[in-house]
Amino acid sequence: MRRLMLLRHAKTETDAPSGRDQDRRLDDRGHRDAAQIGDWMARHPPFPNTVLVSPAARARQTWDIAWRAMKDRIAPPQVELLPELYGADPAQLLETIRTATISASPKHLSPKILMLVGHNPGMHEIALLLMGSGEEAGRKALADNLPTAGLAVFDFDVKDWDDVAYRRGKLVKFISPKLLKQA
């Protein structure tokens, strides 16, 4: 069994002072939402043992703030900035998932629980393509959008990540700051 967690970056400023899209930072709401989703993750195990993060400022900030909200309650995962996550399409994201390893381990082991922190449209598209079954309310909500700070959690009945395929994931949970406020 493998678990995949797809986290879209939180809400951002419209433009970065530099004018570069990769430099856009979280706005005030983004800071609150990233902390809220981190707190939710800390209260809902299991936790990722490997986190792959886009190098864009907003993705790094989302992970850093979420991690601060959970770090006193869970074991630290291996975190790696992965340039190919910025602007990745579903095929690139699937390749990243299929080749995931824990590079800090002596044998480059495959993580049991993997998290990607990235961007739409690729994150939403891969979520839709991976979803084969699962929670009905979550499936309907995710069909519309993977909102900022949205988290989609999938289980795959496979022995290794290279066996992950489209329509084979079971959506275990879909959560967002908006859904947390409604709960």
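Descriptive notes on the structure:
- Restricting region 57-82 to residues that are closer than 18 Å to residue 123 by Cα and part of a strand (DSSP E or B), the residue that is least open to solvent (accessible area, probe 1.4 Å): 80
- Residues that are surrounded by fewer than 19 Cβ atoms within 10 Å (Cβ to Cβ), β-branched (Val, Ile, Thr) and either outside any helix (DSSP H, G or I) or over 15 Å from the mean Cα position of the chain (by Cα) (or both) do occur in region 7-30, at least one of them.
- Within region 168-183, being open to solvent by 10 Å² or more (accessible area, probe 1.4 Å) and under 18 Å from residue 93 (Cα atoms) holds for 168, 170.
- Complete set of residues in region 83-103 that are farther than 23 Å from residue 158 by Cα, touching a strand residue (DSSP E or B) at 6+ places or on another chain (Cβ under 8 Å) and either open to solvent by 20 Å² or more (accessible area, probe 1.4 Å) or at pLDDT below 95 (or both): 86
- For first residues located in region 121-135 and in a helix (DSSP H, G or I), partners that are charged (D, E, K, R) and surrounded by fewer than 19 Cβ atoms within 10 Å (Cβ to Cβ) and lie 6+ apart or on another chain with Cβ distances below 9 Å form the pairs 122/89; 125/89; 126/89; 129/167; 130/167; 130/168.
- Some residue of region 128-145 being in contact with a strand residue (DSSP E or B) (Cβ under 8 Å, 6 or more places away or on another chain), surrounded by fewer than 19 Cβ atoms within 10 Å (Cβ to Cβ) and among the hydroxyl-bearing types (Ser, Thr, Tyr): yes
- Of all residues in region 146-167, exactly one satisfies the criterion of being surrounded by 16 or more Cβ atoms within 10 Å (Cβ to Cβ) and among the charged types (D, E, K, R), namely 155.
- The number of residues in region 41-56 that are among the β-branched types (Val, Ile, Thr) and either in contact with a Pro (Cβ under 9 Å, 6 or more places away or on another chain) or open to solvent by 10 Å² or more (accessible area, probe 1.4 Å) (or both) comes to 2.
The values are calculated or read from the model by the stated rules, or taken from the named source; none is laboratory data. From a predicted model like this one, the values you see are computed outputs, not experimental measurements. For neighbour counting, all protein chains shown are included, and Cβ atoms are generated from backbone atoms with ideal geometry for every residue, glycine included. With ligands, DNA and RNA removed, areas are computed over all heavy atoms of the protein, side chains included. Shrake-Rupley method; radii C 1.70, N 1.55, O 1.52, S 1.80 Å.
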